[in-house]
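Notes for the one structure printed next.
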Amino acid sequence: MTIEPDKFKEGAVAVIPARGGSKGIVHKNIADCAGKPLIHWTLEAAQQAQSISHIIVSTDDDDIAAACEPFAVEVVARPPGLAQDDSAILPAIHQALTNAQSDQSAFRWLVLLQPTSPLRQAGHIDAAMSQLQHSEADALISVVQPDKHPLKAMRLQQGYLRGLVNDDDPFANRQQLPVCFYPNGAIYIVELDFFLQHQRLLTDKTLSYEMDWQSSLDIDQPEDLLTAAKVLVQQG
């Protein structure tokens, strides 16, 4: 993807959250994926993205920190209280930003890149940032269209089936239902000042950046690593 030299005039800081604990895959963030630690694919994408000025890795794990050494990134230690299985990710990002040595006033945008999205590339990041900077929005979330429409889901109410929102949607043609998306976890961009004040990624003016199913793969189980590795090898 060719980027004009002056296309990205506003600085962006990327935060890559990578805690050591994981249930589905032991030490998931540095598990082997096509011959590299999983987090390396995100680090490479962030470094190659022309829209990103600085990269921060938030981790509680010495092995993950060591895996980041070949890259010109700032590693911020995450407190144990923000690295538990039930810890929310947004406070950890806020802690990384407020404890980083880099000058946050130099950046307008925060870009959250999760290491479990190895098929998200630098081109996706730059395209998403370009879309945002050429709009009046102040945030963007990468998304994918679901294979099954969520409004067709049903729930139990006092032991009996009811539509999730109403009783007509489960039986409507898909074309009659509004187009919907799921966040795929690959890219989140928001104005840095807004995030530091509110610790939120969704604003009143949040754009969607649609990605295909393959690029949206999120690593959760061992078979996901195998799938990602096959695609990455094919891509060369």
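Nothing in this text is a laboratory measurement; each read-out follows from the coordinates by a stated rule. What you are looking at is a predicted structure, and each value in this text was computed from that prediction instead of being measured. Please note: Cβ atoms are built from the backbone with ideal geometry, for glycine as well, and neighbour counts cover all protein chains shown.
When the chain is treated as a GNM with alpha-carbon contacts under 10 Å, the residue of D220, D32, D85 showing the greatest mean-square fluctuation is D85. Debye-formula intensities of the chain, expressed as log10 I(q)/I(0) at q = 0.08, 0.12, 0.18 Å⁻¹, are -0.33, -0.72, -1.38 (one equal scatterer per alpha-carbon, no solvent). The number of Lys pairs in the chain with C-alpha atoms less than 22 Å apart, excluding pairs fewer than 8 positions apart on the same chain, is 6.
Put simply, the convex hull of the Cα atoms in the range 156-236 casts, on average, a shadow of 10.1 nm².
Take every DSSP beta bridge whose two residues both sit in the chain; close to 45 percent of them are antiparallel.
So for each of 72-84, 129-141, 196-208 I average, over its residues, the number of other beta carbons within 10 Å; can you give me the resulting order with the highest mean first? Write out the running numbers ahead of the final one.
Values: 72-84: 16.0, 129-141: 17.8, 196-208: 13.9.
Going by the mean number of other Cβ atoms within 10 Å, highest first, we get 129-141, 72-84, 196-208.
In the elastic network of the chain, a GNM with C-alpha springs shorter than 10 Å, the most mobile of A45, A88, A122 is A88.
Just from its helices, what would the mean residue ellipticity at 222 nm be for the chain, if runs of 4 or more DSSP H residues each count -39500 (n - 2.57) and the sum is divided by every residue, rounded to the nearest 500 deg cm²/dmol? Numbers along the way, then the final one.
Numbers: 6 runs with 61 residues, N = 236.
Taken over the chain, the calculation gives -7500 deg cm²/dmol.
Would you please put 14-20, 95-101 in order of how densely packed they are, using the mean number of other Cβ atoms within 10 angstrom per residue and starting with the highest? Don't skip to the end; give the middle numbers.
Numbers: 14-20: 24.4, 95-101: 15.3.
Per-residue mean Cβ counts within 10 Å order the peptides as 14-20, 95-101.
With both labels modelled 7 Å from their Cα along Cα-to-Cβ, the E136 to F71 distance reads 3.6 nm. Amide H to amide H, with H built 1.01 Å from N, V15 comes under 5 Å of I56, V111, L112, L113, counting only residues 5 or more places away or on other chains. The label-point distance for N166 and R108, in a model that sets each label 7 Å from Cα toward Cβ, rounds to 4.1 nm.
For the pair the range 214-236 / the range 60-126, the C-alpha centres are spaced 22 Å from each other.
Helix 122-133 and the longest principal axis of the Cα set of the chain meet at an angle near 70°.
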